[in-house]
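The block underneath contains the structure these notes are about, expressed in structure tokens.
The values are calculated or read from the model by the stated rules, or taken from the named source; none is laboratory data. Predicted model only: the values in this text are computed from it and were never measured. Cβ sites come from the backbone with ideal geometry, for glycine too, and all protein chains shown count toward neighbours.
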There are 2 protein chains.
Amino acid sequence: MADNQGRRFSCGIDFFHVPDLRVAVTSATEAGFDFVCTPISHPRCKREFIEGPARNRGGLFAVPDALLSGQEWSSSIVGKISPWILPDSVDEATRYNSEKALNQELSYASHLSLPAITVQLNGGSVARLASILNSYLNTSLGHQQVWIQVPLCATNNGNDAVRDTALEDPWGWWNTLRSMCSFHKRLGLVLEVTQALPTDVEIDRWFGEPIKCLSFPTSIFRTNKKGYPVLSRGHQEMAKRFFKLRIQSIVSGNCQDPTKGSNSYFQYLEHVHENQPPLDDYQKFVRGYGDYLQWPLQPLMDNLDSQTYEVFEKDPVKYARYEEAIYLALLDRIESNHNETYYGNGNNSIGFSVVMVLGAGRGPLVKATLRAGYSLQTKLTVYAIEKNPNAVITLQNLKAVEWGDQVTVVSTDMREWEPPCKADIIVSELLGSFGDNELSPECLDGAMKYLNEGGISIPSKYSSYLSPFSSSKLYNEVRDCREKDRHPLISFETPFVVHLHNVHIFSDPLECFSFSHPNSGSGSRSNDRYICLTYQSPSKDTVLTGFAGYFEAILYKNVTISTVPERHSEGMFSWFPIMFPLREPIYVKAESRIDVHFWRKSSASKVWYEWCVTNPYISGLHNPNGRSYTIGL
Amino acid sequence: MADNQGRRFSCGIDFFHVPDLRVAVTSATEAGFDFVCTPISHPRCKREFIEGPARNRGGLFAVPDALLSGQEWSSSIVGKISPWILPDSVDEATRYNSEKALNQELSYASHLSLPAITVQLNGGSVARLASILNSYLNTSLGHQQVWIQVPLCATNNGNDAVRDTALEDPWGWWNTLRSMCSFHKRLGLVLEVTQALPTDVEIDRWFGEPIKCLSFPTSIFRTNKKGYPVLSRGHQEMAKRFFKLRIQSIVSGNCQDPTKGSNSYFQYLEHVHENQPPLDDYQKFVRGYGDYLQWPLQPLMDNLDSQTYEVFEKDPVKYARYEEAIYLALLDRIESNHNETYYGNGNNSIGFSVVMVLGAGRGPLVKATLRAGYSLQTKLTVYAIEKNPNAVITLQNLKAVEWGDQVTVVSTDMREWEPPCKADIIVSELLGSFGDNELSPECLDGAMKYLNEGGISIPSKYSSYLSPFSSSKLYNEVRDCREKDRHPLISFETPFVVHLHNVHIFSDPLECFSFSHPNSGSGSRSNDRYICLTYQSPSKDTVLTGFAGYFEAILYKNVTISTVPERHSEGMFSWFPIMFPLREPIYVKAESRIDVHFWRKSSASKVWYEWCVTNPYISGLHNPNGRSYTIGL
């Protein structure tokens, strides 16, 4: 199987009639399918628990478990809950029967260790269904998933006579059910592709949800000249968008042309799946990191290891931009010095610049500085300051082998160093995913005392940005991050570094905190910050689960680096976004206002963030006094 | 001091100028006041942390702690945060100064171990203030309370020029602050009485809030003929309503007539406080139980102790109603038997009735039965069935001493008993605060097999009722109920029996579940129930923190008992309401819809409730599968 988008094509087939499950499984496997969706009970075997002909009917309601091996049941069969089961029916007898039958089928699905079961929703009245499923999810062991099946959009497409047309928002049906089930992590979604295409806003919203499968009814396929099933251009493009989430597919319904067989659908969908542009370097790098939470680095407190240095040194963009910025800064210095008297302005002499690299690591910025100086044929004295003694060994080796006298390696914390002279340019790369979150402001404030008046800091300014997002996946990841012996709120009050994947970012980022160096304010200007950001929610109801954080830095003049999505420095992989969770998902009505407050606070020994949503309703302050998460100074 | 409404009158005096705190405390004590509210820093001692004349001013910002004894500081002084402290000012320098000064004053208040501090709100922009107070509450130890001072209603009454007139809802200011502080239990309220009177809806809403004091500015007093300060009739009535919450008072401002002295205000307020109708028996009984959470009894699982029996037997209403119901049932039997043939209808003969008391306890219902029989001069055979062997001893003693042969004492569980004959009337008192929550339906279902056809059950029907309420106090009580080694959600998924006190019930009760005996349905009819209740919220925004549960029972025909507030059986104290908490308070906009779903579910060995709010937004199912709370069968 081809390895495209990081995941091979996986597809199931959804049978309505399964006269012989053994035969069905064999033929599906031969046609290439990975799994089979089959009713848990025989469609004819409707049970009646109060009265009616089936009340005392003996015999089996489902196929016996000995028909397949345990391995087959637990890996190849998705069980479908009977569609006549309607626990929220307005008819009391139907409700009673449905509840009994549903519990019977759930129990049998559990007995068979099926990997997943599907439950179809027909409208927004789901309270009793939710209660039964929630009990099941909370008591059943193992990894069985409950997949809720809803149409992609609620336009009646012929066979949808059952649908509740009063509530035409399948996302709302799903949201009610999963909210009542407190976002249980074993709840997933099967989206039925409809003849009508959903709008972009509707598609976007599904991206925050735990989609497991896209189900393609055979009725939406067209027939090409050769008689094979194909999708319309619109359906293809939509499918490709969803395939990026690495979901599975399901083909449901009868073959339109029995001579072609179900294999023709499989092959076509596989073709659509594979027919996407190959991964670029950035996509290859991030593959496997999707929605994986990382505790933010604490480079001031902890020493990075060699591998971490190695990975980040490979960034194809960051050091090129730094070199460009250093080049321009040196050039400006040369040009302005030509117009000034010798020794003017307290700077070092023409053609002789002192550059200090603060936090030199294993030397990439020293190299960039030397390359820039070489391009300009200007004389440099470079100081490489590094607090990690292990990295200093590499620096000293580089000095001995390559750099020689023009570089001085200093093994110290930049905040404590007493420099022999002042710098014309200081270069640092202390930025975290949220800009200031690795304490660049505090470190550079401490280092400003050894910058010449009129000297340059690279970077000269950086700002953080925030966007609200919805992600059932990340909400669950944070909830699962709970550590024994620690307060359960801790993970909800910790910003995580994460490559956002199964996420719906629903408003453009707004600027949060900014820092400039040299700091133009008075000496007492604090690095504490506060801001209240107001977002407009999208044109459809959604659920706010957290805020995505980015940064943008001006290295020098027009040389910038950015992780803000629409201006992301192409190919730069050194920073994933940061994510500020919320303790509880917040329901956001269409086109309403979201107010969120962010603080950057500090004490003598640490820095932390606090945050709080106050509109559409108030979330409670997160991380007060840094109780769950701080960054050590 | 008089002991009225369960609490003596307690009043403080609020000084603006305190030239000498020692003198002030002494004179306040002499005038009768219990505590003194005084600025933490000297009003003239405004600090400037950025620049300005005060920047480098030396000396003290507050009175030295040696001025009073530790005992005086910690019991008699309420510290007022300086009114010029505005951390949410639009002016950056003011914000910066305010934050520094606020932290300084908080730190000093903590140093002095003041019992409480007050912070005045001037509008709805409170984010930065909330953040600082929340940090303080989360880090400071001890019992110090933070009292937020807001006007009762936001009409500008002369000296309110500072108030933010754009946001004229002081409840909203408070709600924003305390919600950001996650309903911290050490946050309280001081309500400033205003010249204008709030509407009833506005007053009602405050009743769900943790009010500590009512503050009376001297300016709202009138002068009576003798020259003494008095309140208008409207202010008096309002004050009396609030005094029921057992709050303290504060007199603030200058004496209008210096010859009378501040003592005249104290005496007048004390007079208003004491001038309330004396407590009736019911009020005396419930005193001390206000908002005190009790785990519901499990009389099927646990045996009640003698004291519990003794308390409940004293109910002046319950057994009178039972006697009345038994009387009417016996009378009906006699009358209908007159019209039928001897031995007709399978019942026992005329003038001879078999009455079974199911769960006889220490005998009150046996006594009521015998009294009713005696009044009618009808012959009775009474069976007293009781499963608690300790209570059976009392019953046997009563039989030996008083009752004789007409009573048979049976020591057994009513669900297992094999009776020697069938009953004409069965009498039971198995109802809990929520009607069916002590498993009356299950017990009586089990006992119906020994009721004659056409026989009577007393009670014959009962229904539970629910009302939504708001109570910051109860939310905190439930949160504090958390037990070590158990899941923190457990208390939020447990219905508690509680005498509701500091609570705002904001919608009329709706009927929830009903049960009839004998059960008219088929044998398979389940005692499981489900209902979705829809309430209209009041005309002002509020916060939903839980549901209050009541019951109403038809004992026989028109003889009923009820704990539903507007029809509460007068003087009956056997049942407090039950309370179903919510995991998180839910903000409810004025005149919106509240949907809540309730389930009564059962397994072979237990019964439990589940509940979930779905409007205005979805709360998540509470107590799924009885994970936190069940009633054992």
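Figures for the structure shown
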{"item": "Residues satisfying the stated conditions in the range B:73-114, i.e. away from chain A (no Cβ under 14 Å), surrounded by fewer than 18 Cβ atoms within 10 Å (Cβ to Cβ) and not small (Gly, Ala, Ser)", "result": "B:Pro83, B:Trp84, B:His111"}
{"item": "Positions within the range B:288-303 being more than 23 Å from B:Ile385 (Cβ to Cβ), out of contact with any strand residue (DSSP E or B) (no Cβ under 6 Å at 6 or more places or on another chain) and modelled with pLDDT under 90, in sequence order", "result": "B:Gly288, B:Trp295"}
{"item": "Members of the range B:141-155 that are closer than 10 Å to B:Ser113 by Cα and modelled with pLDDT of 85 or more", "result": "B:His143, B:Gln144"}
{"item": "Helices (runs of 4 or more DSSP H) wholly inside the range B:360-468 that include at least 1 residues being more than 23 Å from B:Val311 (Cα to Cα), touching a residue at least 60 places away in the same chain (Cβ under 8 Å) and not acidic (Asp, Glu)", "result": "B:440-447"}
{"item": "Where a residue in the range B:19-32 is at positive phi and its partner, wherever it lies, is among the hydrophobic types (A, V, I, L, M, F, W, C), with Cβ under 6 Å and at least six apart", "result": "B:Gly32/B:Phe266"}
{"item": "Count - residues of the range A:469-507 that are assigned to a loop (DSSP other than H, G, I, E, B), surrounded by 24 or more Cβ atoms within 10 Å (Cβ to Cβ) and of a type in the set (Ser, Thr, Tyr)", "result": "1"}
{"item": "Hits in the range B:304-359 - residues which are part of a helix (DSSP H, G or I) and modelled with pLDDT under 80", "result": "B:Asn337, B:His338, B:Gly344, B:Asn345, B:Gly346"}
{"item": "Subset of the range B:575-632 (residues that are over 19 Å from B:Phe496 (Cα atoms), touching a Leu at 6+ places or on another chain (Cβ under 9 Å), more than 10 Å from chain A (Cβ to nearest Cβ) and not in a strand (DSSP E or B))", "result": "B:Ser603, B:Ala604, B:Ser605"}
{"item": "A:Asn502 being more than 26 Å from the chain's Cα centre (by Cα) and more than 14 Å from every other protein chain (Cβ to nearest Cβ)", "result": "no"}
{"item": "Test for A:Arg525: is it surrounded by 18 or more Cβ atoms within 10 Å (Cβ to Cβ) and either within 13 Å of chain B (Cβ to nearest Cβ) or on the phi > 0 side of the Ramachandran plot (or both)", "result": "no"}
{"item": "Counted residues, the range B:552-579 - those being in contact with a helix residue (DSSP H, G or I) (Cβ under 8 Å, 6 or more places away or on another chain) and closer than 20 Å to B:Asp315 by Cβ", "result": "14"}
{"item": "Residue within the range B:280-293 that is touching a Lys or Arg at 6+ places or on another chain (Cβ under 7 Å) and over 30 Å from B:Asn476 (Cα atoms) present", "result": "no"}
{"item": "Search result, residues across the range A:27-38 that are over 17 Å from A:Cys213 (Cα atoms) and either part of a strand (DSSP E or B) or of a type outside the set (Gly, Ala, Ser) (or both)", "result": "A:Thr29, A:Glu30"}
{"item": "Among (1) under 26 Å from the mean Cα position of the chain (by Cα); (2) in the same structural domain as B:Glu192 (by TED's automatic domain parsing); (3) part of a helix (DSSP H, G or I), the one test that B:Lys284 misses", "result": "(2)"}
{"item": "Search result, residues across the range B:182-211 that are more than 14 Å from chain A (Cβ to nearest Cβ), of a type in the set (A, V, I, L, M, F, W, C), closer than 29 Å to A:Asn625 by Cβ and in contact with a Phe, Trp or Tyr (Cβ under 6 Å, 6 or more places away or on another chain)", "result": "B:Val190"}
{"item": "Enumeration of residues in the range A:178-200 that are farther than 21 Å from A:Ile220 by Cβ and either part of a helix (DSSP H, G or I) or hydroxyl-bearing (Ser, Thr, Tyr) (or both)", "result": "A:Arg178, A:Ser179, A:Met180, A:Ser182"}
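Each row is one residue, and each column tells you yes or no for (1) buried (at least 22 other Cβ atoms within 10 Å of the Cβ); (2) aliphatic (A, V, I, L, M); (3) at pLDDT 95 or above.
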{"position": "B:Ala166", "(1), (2), (3)": "no, yes, no"}
{"position": "B:Leu177", "(1), (2), (3)": "yes, yes, yes"}
{"position": "B:Cys181", "(1), (2), (3)": "yes, no, yes"}
{"position": "B:Val193", "(1), (2), (3)": "yes, yes, yes"}
{"position": "B:Ala196", "(1), (2), (3)": "no, yes, no"}
{"position": "B:Val201", "(1), (2), (3)": "no, yes, no"}
{"position": "B:Ile211", "(1), (2), (3)": "no, yes, yes"}
{"position": "B:Phe216", "(1), (2), (3)": "yes, no, yes"}
{"position": "B:Ser219", "(1), (2), (3)": "no, no, no"}
